[in-house]
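S.K.: The structure follows.
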Amino acid sequence: MSLSDDIRKFAYEEYIEPARKKGLSEVTIRSGDLHNKMGLKNRMPAVCGALGTDSFKTQYSVKLIRRSPVTNGANVYFTFQI
């Protein structure tokens, strides 16, 4: 598995799946929080890239409804409809 695959799987298991179990209709993931929880170093572009891909949306049946700001960094918030 690639780093991007690992990031997408982690995001699903740590954010998407628990939110669905709680019955939430959307969830927001802060890229810096995911980066830190995974213990990554200097991989922020990989995190932002992995969360913004069509493969993440398709594989885990989510819809990206907001990305703020559009740049890469620790304070990028991805809000998904789940």
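The values are calculated or read from the model by the stated rules, or taken from the named source; none is laboratory data. These numbers were taken from a predicted model, which means no experiment stands behind them. Here the Cβ positions follow ideal geometry from the backbone for every residue, glycine too, while neighbour counts run over all protein chains shown. These accessible areas exclude ligands, DNA and RNA; they are computed on the full protein's heavy atoms, side chains included. Shrake-Rupley method; radii C 1.70, N 1.55, O 1.52, S 1.80 Å.
S.K.: T79 label point, 7 Å along Cα→Cβ, cut-off 19 Å on backbone N: hits in region 52-72?
M.R.: Only 52-53, 57, 62-72 fall inside the zone, counting backbone N under 19 Å.
S.K.: Between M38 and S61, how many nm apart are label points set 7 Å from Cα along the C-beta direction?
M.R.: Each label point is offset 7 Å from its Cα along the Cβ direction, giving 2.4 nm.
S.K.: For the chain, the longest stretch holding no trypsin sites (Lys or Arg not before Pro) located in a DSSP loop with at most 13 other Cβ atoms within 10 Å is which?
M.R.: 42-82
S.K.: Sum -39500 (n - 2.57) across every DSSP H segment of at least 4 residues in the chain, then divide by the residue count to get the 222 nm mean residue ellipticity, nearest 500.
M.R.: Roughly -10500 deg cm²/dmol at 222 nm, from the helical runs in the chain.
S.K.: Would you indicate which of (1) -0.66; (2) -0.78; (3) -0.86 is the value of log10 I(q)/I(0) by the Debye sum over Cα atoms at q = 0.18 Å⁻¹ derived from the coordinates of this structure?
M.R.: The calculated read-out lines up with (1).
S.K.: Suppose all protein chains stay in the model; what accessible area per residue would a 1.4 Å probe give for the chain, in Å²?
M.R.: In whole numbers, the chain has 58 Å² accessible per residue.
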